[in-house]
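The values are calculated or read from the model by the stated rules, or taken from the named source; none is laboratory data. On a predicted model such as this, the values are computed, not experimentally measured, just so you know. So basically every Cβ, Gly included, is an ideal-geometry build from the backbone, and we count neighbours across all protein chains shown.
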Amino acid sequence: MSDWKKLTCHCGNVELRVKLKDGLNTARRCNCSFCRRRGAIAATTEYPDGVEVIKGADKLTLYTWGTGAAQHYFCKTCGIYTHHRRRSNPNEYGINVAALEGVDPAKLGEIAWIDGVNHSSDR
């Protein structure tokens, strides 16, 4: 899965082209206050070259809080999370696995969790 993949929001206003760092081997969930509410599975791309907005850049909105290091992008129309710049490594993007064309998250099996509640940046 190291080639480029298509990622879209629900309404189709936003389309990204993403290149996963190590396929879905990097898929994980996070238990921080934001991610556990969002419930998405994220996989890793390189920053900035692993994510290309094909259409709908004007339809993306940014959500950030706290340190401002994590930057989460969503479609303004349907609200679907597409990708984020990571706080843990600002040289990576996390992308919404469920928004990848042809991927059924229910068939991925067990997904590892990371401890975002006790994030090293918070110490």
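Under 7 Å between Cβ atoms, which residue pairs at least 6 apart in sequence (or on different chains) link something in region 89-115 that is without any contact (Cβ under 8 Å) to a residue 60 or more places away in the chain with a partner that is of a type in the set (Val, Ile, Thr) and surrounded by fewer than 17 Cβ atoms within 10 Å (Cβ to Cβ)?
none
Which residue pairs have Cβ atoms under 7 Å apart, sit 6 or more places apart or on different chains, and have a first residue in region 1-30 that is in contact (Cβ under 8 Å) with a residue 40 or more places away in the chain and a second that is loosely packed, with under 13 Cβ neighbours inside 10 Å and of a type in the set (Ser, Thr, Tyr)?
As it stands, the answer is LEU20/SER2, since those pairs meet every condition given.
Please go through region 17-49 and pick out each residue that is in contact with a Ser or Thr (Cβ under 8 Å, 6 or more places away or on another chain) and over 19 Å from LYS107 (Cα atoms).
Matches in region 17-49: VAL18, LYS19, LYS21.
Do you know which of the residues in region 1-12 that are in a loop (DSSP other than H, G, I, E, B) and in contact with a strand residue (DSSP E or B) (Cβ under 6 Å, 6 or more places away or on another chain) is nearest to ASP58 (Cα to Cα)? Give the steps one after another, and end with the answer.
Initial filter on region 1-12 (in a loop (DSSP other than H, G, I, E, B)): 1-3, 9-12.
From the residues that got through so far, the ones that are in contact with a strand residue (DSSP E or B) (Cβ under 6 Å, 6 or more places away or on another chain) too are 1, 9.
Values: MET1: 28, CYS9: 13 Å.
So, considering only residues that are in a loop (DSSP other than H, G, I, E, B) and in contact with a strand residue (DSSP E or B) (Cβ under 6 Å, 6 or more places away or on another chain), the one nearest to ASP58 (Cα to Cα) is CYS9.
Any residue in region 31-47 that is modelled with pLDDT of 95 or more and touching a Pro at 6+ places or on another chain (Cβ under 6 Å)?
yes
Filter the strands (runs of 3 or more DSSP E) completely within region 20-87 down to those with at least 1 residues that are touching a His at 6+ places or on another chain (Cβ under 8 Å).
Details: elements: 28-30, 42-46, 51-55, 60-63, 71-75, 81-85.
In region 20-87, 42-46, 51-55, 60-63, 71-75, 81-85 are the strands (runs of 3 or more DSSP E) which contain 1 or more residues that are touching a His at 6+ places or on another chain (Cβ under 8 Å).
Residue-by-condition table, conditions (1) buried (at least 17 other Cβ atoms within 10 Å of the Cβ); (2) at pLDDT 90 or above:
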residue: GLY79; (1), (2): no, yes
residue: ARG85; (1), (2): yes, yes
residue: ASN91; (1), (2): no, no
residue: ASN96; (1), (2): yes, yes
residue: GLU101; (1), (2): no, yes
residue: LYS107; (1), (2): no, yes
residue: GLU110; (1), (2): no, yes
residue: ASN118; (1), (2): no, no
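Somewhere in region 49-56, is a residue surrounded by 19 or more Cβ atoms within 10 Å (Cβ to Cβ) and either in contact with a Leu (Cβ under 6 Å, 6 or more places away or on another chain) or modelled with pLDDT of 95 or more (or both)?
yes
Take the residues in region 48-90 that are of a type in the set (A, V, I, L, M) and closer than 15 Å to GLY116 by Cβ; name whichever of them is farthest from the chain's Cα centre (by Cα). Lay out the reasoning, then the answer.
Residues of region 48-90 that are of a type in the set (A, V, I, L, M), as a first pass: 51, 53-54, 57, 60, 62, 69-70, 80.
Checking which are closer than 15 Å to GLY116 by Cβ leaves us with 69-70.
Numbers: ALA69: 14, ALA70: 11 Å.
If we take residues in region 48-90 being of a type in the set (A, V, I, L, M) and closer than 15 Å to GLY116 by Cβ, then ALA69 is farthest from the chain's Cα centre (by Cα).
Would you confirm whether any residue within region 25-47 is more than 13 Å from the chain's Cα centre (by Cα) and closer than 16 Å to LEU7 by Cβ? Don't jump to the end; show me each part of the working.
Narrowing region 25-47 to residues more than 13 Å from the chain's Cα centre (by Cα): 25, 31-33, 36-37.
This time we only want the ones that are closer than 16 Å to LEU7 by Cβ, so: none.
So far as region 25-47 goes, no, none of its residues is more than 13 Å from the chain's Cα centre (by Cα) and closer than 16 Å to LEU7 by Cβ.
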